[in-house]
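Report on one structure; see the data block that follows.
Since every read-out is calculated from the coordinates, none of them should be taken as a lab result. This is a predicted model, so every value here is computed, not measured. Quick reminder, even Gly has a Cβ in these numbers, built from the backbone with ideal geometry, and neighbours come from all protein chains shown.
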Amino acid sequence: MSAKITLDQWQALIAVVDEGGYANAAEALDKSQSAISYAVQKIETELGIRAFALEGRKAKLTETGQMLYRQAKILVEEAERIESTAIQLSQGWEPLVRVTADALFPQHCMLTALDAFARQSPLTRIEYTETVLSGTDEALLRKEADVVVNARIPPGFVGEPLMRVRFLAVAAADHPLNQMDSLTHEDLRQHRQIVIRDSGTRRIDAGWLGAEQRWTVSHSSTRNAAIRRGLGFAWMPESDIGTSLETGELKVLPLAEGFERFVDLHLIYADGQYAGQAARYLGEQIRLAVAQPCPGVTVS
């Protein structure tokens, strides 16, 4: 069934409401007042309803008119989004962007970037994957990502410095390691280290792994919860530690040396200089999000 009412006619009804009358609506839409009046009458005639009722010398929306106004706003806004997206696609804007980031990358930075991207192109689909260690490399090599945030730049790719992440060796405040005055790595060997499993097939180990006891978990949230429960120690990114040092929930281990470490993250486009406009735009939003002050992050 074809639509009886055109977008122009719905726009006329919306303008009458938003602009406060037929004359103002005509001026806003650069049309004659009679054209606006005809458009509203056409809606009422074709649909067999009354959109406006006279109260004194002013026309006010009926209950039916209020419903039509709300739905018409959604319809017109959606049509505008479709047109905008079509224009972007005609200019080389991809309909799908796949972004993969090492789990070290602060979540709030990525969500800020994705929010900005969505406001620019709400109909472009996003696939976001968080990986650990070699899992990010593999996403590039298998062509499963368009934009990547990674600590390593695999051979054949070019990366741009993005940010530096600071790690601190921490444990719960009441953990036995925090009851000692000065620690060596030999002391750490007697206690449980909690690490995150490599999400790639290579199963790379990263960080000091000299502890006789070790728990390997698949997600940083599990590691963080285990550390806070006093189940072990770990080198954690400052962005994961949050305010736990200030509240006394966690303490930095009193290591004589090696209590802090740094990892540099890079922004990589899978297609390099041939990256699409959408991928480039998302990459720029990631850069802007990182530039905002946040704990544990140093912009490269």
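Note on the chain: helix-only mean residue ellipticity at 222 nm, from DSSP H runs of 4+ residues weighted -39500 (n - 2.57) and normalised by residue number, equals -12500 deg cm²/dmol. For the chain, the Kirkwood estimate of hydrodynamic radius, built from reciprocal distances between every pair of different alpha carbons, is 23.6 Å. Quick one: pull the percentage of alpha-carbon pairs in the stretch 232-272 with a separation above 12 Å. That fraction is 70 percent. If you take all other residues with their beta carbon under 15 Å from the beta carbon of A53, and give Lys and Arg +1 and Asp and Glu -1, the sum is +1.
Comparing V158, V263, V76 in a Gaussian network model of the chain (Cα springs below 10 Å), the most mobile by mean-square fluctuation is V76. Across the stretch 7-90, the fraction of Cα-Cα pairs farther apart than 21 Å, rounded to a whole number, is 30%. Please sort by residue number the chymotrypsin sites (Phe, Trp or Tyr not before Pro) in the stretch 1-90 whose DSSP state is loop and whose Cβ has at most 11 other Cβ atoms within 10 Å. Listed in order of number, the matching sites amount to none. One Cα centroid belongs to the stretch 66-86, the other to the stretch 111-164; the line between them spans 32 Å. Note on the stretch 113-252: semi-axes of the ellipsoid equivalent to its C-alpha gyration tensor, largest first and rounded to whole Å, are 33, 19, 13. Applied to the stretch 191-197, the Karplus parametrisation 6.51 cos²θ - 1.76 cosθ + 1.60 on θ = phi - 60° returns per-residue 3J(HN,Hα) values of 10, 7, 9, 10, 10, 9, 5 Hz, with x for Gly and Pro. Looking at the stretch 94-300 alone, DSSP beta bridges between its own residues are antiparallel in about 60 percent of cases.
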